[in-house]
1. Average partner chain C-beta neighbours within 10 Å, per residue of A:82-88?
2. Please give the residues of the range A:285-321, grouped as numeric ranges, whose backbone N is less than 20 Å from a label point set 7 Å along the Cα-to-Cβ vector of A:Glu369.
3. Compute the long axis of helix A:541-555 from its Cα atoms, compare it with the longest principal axis of the Cα atoms of chain A, and write down the angle in degrees, 0 to 90, nearest 10.
4. Dipole magnitude of the protein assembly as shown about its Cα centre, charges +1 at Lys/Arg Cβ and -1 at Asp/Glu Cβ only, in debye to the nearest 20?
5. Using the per-residue mean of other Cβ atoms lying within 10 Å as a proxy for protection, in what order, highest first, do the peptides A:252-261, A:354-363, A:174-183, A:52-61 fall?
6. Of the options A:Leu130, A:Thr334, A:Ser418, report the single residue whose Cα projects farthest towards the positive end of the charge dipole of chain A (beta-carbon charges: Lys, Arg +1; Asp, Glu -1).
7. Taking every alpha carbon pair in the range B:14-63, what does the distance histogram look like in 10 angstrom bins from 0, in percent?
8. Sorted from largest down, give the three principal axis spans of the alpha carbons of the protein assembly as shown, whole angstrom values.
Amino acid sequence: MKRAIAYGSSPLLTSATPVWRSRLIVAGFALVFLGLGARAAYVQVFGNEFFQRQGEIRFERTLELPPNRGRVLDRNGLILATSVVAQSVWAIPENIDRQHPQMPELARLLDMPPAELQRRLDRHPTFVWLRRQLDEQRAAQVRALGIEGIHFRKEYRRQYPEGEALAHVVGFTNVEDVGQEGVELAFNAQLSGQAGSRRVLRDRFGRVVEDVREVIPPVDGRDVQLSIDSRIQFFAFQRLREAVQQHRARGGSIVVLDARTGEILALANYPSFNPNQRRNLSGEQVRNRALTDTFEPGSTVKPIVAALALERGLVRPETLIETGDGRLTMGRFTIRDIRALGTVTLNEAMKASSNVAMVKLAQQMQAREMWEAYTRIGFGQRPQLPFPGAASGRLRPYESWRPIEQATMSYGYGLSTSLFQLAQAYTVFARDGKLLPVTLLKSQQPAQGVPVFSPQHAQAVRHMLALSAGPGGTAQRAQTVGFSVGGKTGTSRVQEGTGYAENRHRSFFVGLAPAEQPRVVVAVMIDEPTEGGFFGGVVAAPVFSATVQQTLRVLGVVPDVGVRPHIVADLVQEPG
Amino acid sequence: MTRLNLVLLGVLLASALSLVHQQYEARRLFVALERANAASDRLASEHEQLQVQKRTLAAPARVQQLASARLQMRPIHPGITEVLALPTGSGGPAGAEAAGPVQRLQGPVAAPAAPAAPRPALDSPGVRP
């Protein structure tokens, strides 16, 4: 017996292969398969966790799904702020060919000098931002240059179509889409929303191939609808800007309130800024003066003192008050009127804005009464507004008032308020003695006020305000065509160190219209006018007049005063 | 017995192939869905962008500037405004036509001094050159 394997029946094909060789081969294969089996068992069972993790690291990615920031809308649903997609350009400087022929073009598209671009690329070898939030069109042009090492990241950029007219109210966000000022800051939580996420498998080219687990969808931020009417806002801002420029003033503010609902229809400040281009901003521009700046309100508090005097039964509107030659001496101080009035009724004293008459009324009151009245209309208290930096003003406790201080407080010195507080205070006269809560968000129903004065006394003071804006009053320039108005001027000296500056003034006007059934309350402040007068009746009242005129038209209020037609067009004979 | 096995083998093979095909189909549809989602996102952001653009172009500042500079218009004021009141009880603008004539409260034409010339309708052709 041959110990060999026969491969065929033909004797020609017989070979003398020993059996052990084939056994060796079989054993070798068996060993290899055993090895494979062991490896498979190791990969699948014993070392499974490690390999699973490595696989995840290589191919699974968690993608963050950014939420859309909510929009800010005006009362008619027009967009005041919204987010649009923008591309942020970043670079890996190591991979960039510095001598690339398109480098100057890149610098031009990124809006920076070529040297600055090179300097930026030197900052870090592997990552530098070249430009955050470039608009899509520009980004596409940059992409078309085809420079290696330049990358893009999708981000959102806030756009403010109203520009500087509403900059202070709406505010702005930073590059990370977090509110920094105004409504963007105050309502940041509501606007922001919540990011979602998804876990995906990516292939070799980075394409998403499969969702690994359930997608968590992002929760978009909610829209905020403000009470602002962008048309009224624009008119108010425009008139304010004209007045500030005409009188070469340092700045100014205006507040327009709806006297029925307590909504803020407009709130503007000048100087302002363009929220879409926020380079080189100064505090002067960014400050929301109407809310953050406090000042001595001057004569604009007189109606409050008068209302208090009526309420306490000290006087009636026709009561005669002796103002003499317009001087009143208290200790070392002398209180003066602008001109001597003699003996006048309270109505007339208010119309001429007599300091002496007010001091005489205040002398019959207790300090506590005055303090309470001022406090109840909101002086010295932070306004109930969700707005960053709204000032409370200053009203010292009545225990520390000296008699001279109580006297000056009756004509608006020795306490401070913001323009916004002043405007809110005047809702008392517009709403028959009730102080309205003020809101920046749109509301439909009429607001319920807090009673401060009785209706007939508030109406009596409203009548005085109308007289003040009538013929012979201090505020004649507040009159409008078609609508009756009432209001009070104010002019106060600017504090300088411990005293008052001689030539620096603030001019105010606070008023309401129409006088019989007020629909709006408007407060105007012009800071340090230097040309063309400084009295509130000359500087601030015309702004009030123009704003009221347009506001009431926009609100669709029927004119309550007869209008002489102003159409001056002639009949033109058309040829033919 | 052998025949049954062959049939089962055939079924098994068919099932395996269909599994492969289904997986391929799922991937393909997933990619298509991704693409459609991306397109929807892009269109939404484009829409937002266009809305902002529209709003910027229609911003009061720009409109006012164009109206006064290019069209020589000026702000309205009550002296040149005719005020009409809808008859009460007509139930808003929709019922105004049915409820009879509107009442003229105030306006330039109502004043006795002004000539009661008929005005051309706003939308009549030939008013503007």
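1. Mean shielding by partner chains, rounded to a whole number: 4.
2. Answer for the range A:285-321: A:301-321.
3. 60
4. 1860
5. By packing density, highest mean first, the sequence is A:252-261, A:354-363, A:174-183, A:52-61.
6. With unit charges placed on the Cβ atoms, the residue in question is A:Leu130.
7. Answer for the range B:14-63: a P(r) of 23, 23, 18, 15, 11, 7, 4, 0 percent.
8. Projected onto the principal axes, the Cα atoms of the protein assembly as shown cover 155, 79, 62 Å.
Read the figures in this text as sums done on the coordinates, not as results from a lab. Here the structure is a predicted model, which means the values were calculated and not measured. With ideal geometry, Cβ positions are generated from the backbone for all residues, glycine too; neighbour counts draw on all protein chains shown.
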